[in-house]
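Working notes for the structure below.
The values are calculated or read from the model by the stated rules, or taken from the named source; none is laboratory data. Just so it is clear, the structure is predicted and the values come from calculations on it, not from any experiment. Virtual Cβ from ideal backbone geometry, glycine too; neighbours counted across all protein chains shown. The accessibility values were calculated without ligands, DNA or RNA, using every heavy atom of the protein model including side chains. Shrake-Rupley method; radii C 1.70, N 1.55, O 1.52, S 1.80 Å.
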Amino acid sequence: MSNMETTPEELVCSDHHACAGIELLTPRNVPLGGPRAMDVRRTLPQKQRSLIGAWCFLDHYGPDPVGDTGGMRVPRHPHTGLQTVSWLFTGEIEHRDSAGFHAIVRPGEVNLMTAGRGISHSEFSTPETAVLHGAQLWVALPDSARHVLPTFAHHKPEPMGNDQWEVRVFLGSLSVSEGNGADHYSVSPVTTHTELVGAEILMEPGTQLRIALKSHHEHGILLDSGALKVDADELPKDNLAYLPVGYQSITLTAGTKPVRALLIGGEPLHEQILMWWNFVGRTHEEVVKFRQQWQAEIGAEPGDASSKRFGDFPEGEPAALPAPVLPTVRLRPRD
Ligand code: MN
């Protein structure tokens, strides 16, 4: 997915001071672009908190009637320094990228694209898709891995649970128990460059689960549907509950409707990153360079595209998205 804001801000993202308990991050609506654009609900980044582990971006969308909105129509656009994590509840998205990968993103299957030094890709909901519903997340790559060659991974996690609950661990590992029952454990084989966890949680009404957490990780829980208590606190729908490092477990309690939630987490990044549009870098100058290279490579502005950072793309695809204008205010790192 591309950040379709017409005047994206340059955002310095770093570890913020931890809060004492659970903190609520409320979503803001962002149109995805196009005449009948579908909206996404963005809970990361925000001024209050820009990173959860290395997770730096969370767009949650749908259920979106594709016939009315046109669904997801995001032509070729670039990324640097991050991984995109696509997770769908309903519908299908066709992914195509400059590293030569072509995939259909399906519910219950994670698709992880590592941009590394640079990649470009397009995302379109398939013609068969009537309802689109899911989440698009980005993970910032640590400095040691942010110049790797672009690549793509796919994994369909085996759900753990029973007829009352299911958990699909798409990144990292997680241990879950129900009441006084035995622990269930699942681990994803997908490579990450910092310690991360990502899972979808489904619960029938009245179910209670204890989720074991790594206490050196921070976590976020996004409620997609139903009513859910995180420990003693009610989590409003579409909100992201933030849990600082130190939690060894949490108890999730489903209300009177079936629950769908996403759990994300990881070790704090401890690096200051700079996010602008679809780029993650470290300095303003670097982001300016990424933008200039992208514009030159798609022919929007003259420049040397002899060694293409963002690769080649198949002929006949819709025109690439040009980069927005950079903000004139130059950001300085904040502590
Ligand atoms: Mn994208």
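Tabulated data
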| item | result |
| --- | --- |
| Count - residues of the stretch 73-93 that are open to solvent by 20 Å² or more (accessible area, probe 1.4 Å) and either of a type in the set (Lys, Arg) or at positive phi (or both) | 2 |
| Those residues of the stretch 111-169 which are touching a Cys at 6+ places or on another chain (Cβ under 9 Å) and without any contact (Cβ under 8 Å) to a residue 60 or more places away in the chain, in sequence order | none |
| So residue 173, is it of a type in the set (Ser, Thr, Tyr), touching a residue at least 24 places away in the same chain (Cβ under 8 Å) and buried (at least 17 other Cβ atoms within 10 Å of the Cβ) | no |
| Scan of the stretch 179-217 for residues that are small (Gly, Ala, Ser) and in a loop (DSSP other than H, G, I, E, B), ordered by number | 179, 181, 182, 188, 206, 215 |
| Count of the stretch 62-95 residues which are in a loop (DSSP other than H, G, I, E, B), away from the ligand (no atom under 14 Å from the Cβ) and either in contact with a strand residue (DSSP E or B) (Cβ under 6 Å, 6 or more places away or on another chain) or without any contact (Cβ under 8 Å) to a residue 24 or more places away in the chain (or both) | 3 |
| Among the candidates 134, 116, 220, residue that is crowded, with 19+ Cβ neighbours inside 10 Å, out of contact with any His (no Cβ under 6 Å at 6 or more places or on another chain) and in a loop (DSSP other than H, G, I, E, B) | 116 |
| Breaking point among (1) closer than 30 Å to residue 292 by Cα; (2) open to solvent by 50 Å² or more (accessible area, probe 1.4 Å), for residue 281 | (2) |
